[in-house]
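The structure appears below as structure tokens.
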Amino acid sequence: GAKGRGGNRVQFYGDINQHVAEERMELEADLKVAIKKGQLILHYPPKINVATQEVMGVEALVRWYHPKLGLVPPSKFIPIAEETPLISELGEWVLRESCRQNQAWQKQGYTPMKVSVNVSPQQFKLQNMLELVQDVLQETGMAPEYLVIELTERMLMDNSPEVSSVLKGLLELGVSIAIGDFGTGYSSLAYLGKFEATFLKIDQSFVSGMLTDKRLSNIVNAIIDLAHNLGMKVIAEGVETSEQLDYLRGQGCDFAQGYFVSRPIDERAIEDEFLTV
Ligand code: C2E
């Protein structure tokens, strides 16, 4: 052991880093298998129309049933996947599965609704998203009007011509674009002038504090006005109380999601609780 030798401490921290690195490598190896073995599942938080309370769609959020670790949340494995080409495989699976499920619901006679899919910036760089979306829509038979691609501000920040042309192509196809995490750290209004996203999402950090902090409610009001002036609809994220929903309704917010509407739930629970014929 290192005991009694110089550099003892360095070795100690080194061992910890080694351990973390090994754990990551193991998780990465497991994730490769997980995609193939069907260990990934989707949970769907519903989104409602604030004025009518009708369900307008669901978002697809990925979870991983790990054979040893149990249910692993996306915050634990998406960042790891993002550092490898695995993010493309994972993203492709999420896109295909959510379109397949939504089309299956339509085939069963439920009132059609939209499904939103998160796409990470790394996936956008690695894959031809326009081609992939076209392929998946064709394969699953789902009409483009029912697909929403969710991006973060972070992705639009780098302002690359490739990204804009893919986004324009998606919009021309009839797919909707939603911008999430709006206002949280990568603020640049420039990209909002460049293309017309369909939806702007108000981040849950603003929603959760807006009834107790006047500054936050002012920001929420401003985002709603800004979005509407630019021809976008607004989706509030992380709505947890009826008071928050009432406030948003008063401000003309279009759609809402969050624990007050429902926690993210599996497809059976969506069918039982939210779909209508
Ligand atoms: P996000 O897209 O911002 O998703 C919202 C997160 O907040 C979800 O956590 C959701 O369960 C949680 N949430 C929803 N409503 C409420 C609420 O009212 N209160 C509170 N406190 N939390 C709420 P989740 O499912 O753990 O997802 C975390 C993040 O992982 C997502 O953040 C998204 O960035 C990423 N993610 C999930 N699925 C995918 C995916 O398929 N692809 C990619 N690229 N990223 C994904």
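The values are calculated or read from the model by the stated rules, or taken from the named source; none is laboratory data. Model, not experiment: these values are computed from the prediction. Methodologically, a virtual Cβ is constructed for each residue, glycine included, from the backbone with ideal geometry; neighbour enumeration extends over all protein chains shown.
Points to keep in mind about this one:
- Set side by side, the residues 53, 39 differ, and just one is loosely packed, with under 15 Cβ neighbours inside 10 Å and either away from the ligand (no atom under 12 Å from the Cβ) or closer than 30 Å to residue 277 by Cβ (or both), which is 53.
- Applying a threshold of 8 Å to beta carbon distances and a minimum spacing of six or more residues, or different chains, the list of pairs starting in region 130-143 at a residue that is in contact (Cβ under 8 Å) with a residue 12 or more places away in the chain and ending at one that is surrounded by fewer than 19 Cβ atoms within 10 Å (Cβ to Cβ) and not in a helix (DSSP H, G or I) reads 137/143; 143/174.
- Pair list, Cβ < 8 Å and 6+ apart or interchain, from region 115-129 residues that are outside any strand (DSSP E or B) to residues that are polar (S, T, N, Q) and near the ligand (Cβ under 8 Å from one of its atoms): 121/152; 129/123
- The lone exception for residue 59 - which of (1) away from the ligand (no atom under 13 Å from the Cβ); (2) within 16 Å of residue 273 (Cα to Cα); (3) not aliphatic (A, V, I, L, M) it fails: (1)
- Taking every residue in region 40-59 that is touching a residue at least 40 places away in the same chain (Cβ under 8 Å) and within 13 Å of residue 258 (Cβ to Cβ) and pairing it with any residue that is in a loop (DSSP other than H, G, I, E, B) and among the charged types (D, E, K, R), at least 6 positions away or on another chain, the pairs with Cβ-Cβ distances below 8 Å are 45/263; 48/54; 50/254.
- A single entry from 217, 208 fulfils the requirement of being more than 16 Å from the ligand (Cβ to nearest atom), modelled with pLDDT of 95 or more and either assigned to a helix (DSSP H, G or I) or under 30 Å from residue 161 (Cα atoms) (or both): 217.
- Positions within region 233-265 being surrounded by 13 or more Cβ atoms within 10 Å (Cβ to Cβ) and either away from the ligand (no atom under 15 Å from the Cβ) or over 27 Å from residue 182 (Cα atoms) (or both), in sequence order: 233, 234, 249, 251, 252, 254
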